[in-house]
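The values are calculated or read from the model by the stated rules, or taken from the named source; none is laboratory data. The shown structure was predicted, so the numbers you read here are calculated from the model rather than taken from an experiment. Remember, those area values only see protein heavy atoms, side chains included, never the ligands or the DNA or RNA. Shrake-Rupley method; radii C 1.70, N 1.55, O 1.52, S 1.80 Å.
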Amino acid sequence: MAKSGNSNMVPEAREALDRFKMEAANEVGVNLKQGYNGNLTSKEAGSVGGQMVKKMIEAYEKGMK
């Protein structure tokens with residue numbers, strides 16, 4: 001049986017990713033809680049993911065200058 005990609009993540013990396021996710025959710029007004037967030041709508045989850053991608057692109061572009 002294959003493991004999910006996140007199960008092998010370094011604990012520090014998971015913590016940083018969780019902080020990043022919470023920050024992005026706060027910026028778009030989505031109320032995330034620690035742990036399971038299965039009550040989110042697709043729109044809310046997409047908003048959080050989209051904000052995370054936007055911030056990653058901005059950081060990359062800033063690093064190119």
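In region 6-50, what count of residues is obtained for those that are part of a helix (DSSP H, G or I) and not charged (D, E, K, R)? Going through region 6-50 one residue at a time, the tally reaches 19.
Selection within region 51-60: residues that are open to solvent by less than 100 Å² (accessible area, probe 1.4 Å) and among the charged types (D, E, K, R). The member of this set that is farthest from GLY29 (Cα to Cα) is GLU58. Within region 1-28, the set of residues being modelled with pLDDT under 90 and either open to solvent by less than 80 Å² (accessible area, probe 1.4 Å) or not polar (S, T, N, Q) (or both) comprises MET1, ALA2, LYS3, SER4, GLY5, SER7, MET9, VAL10, PRO11.
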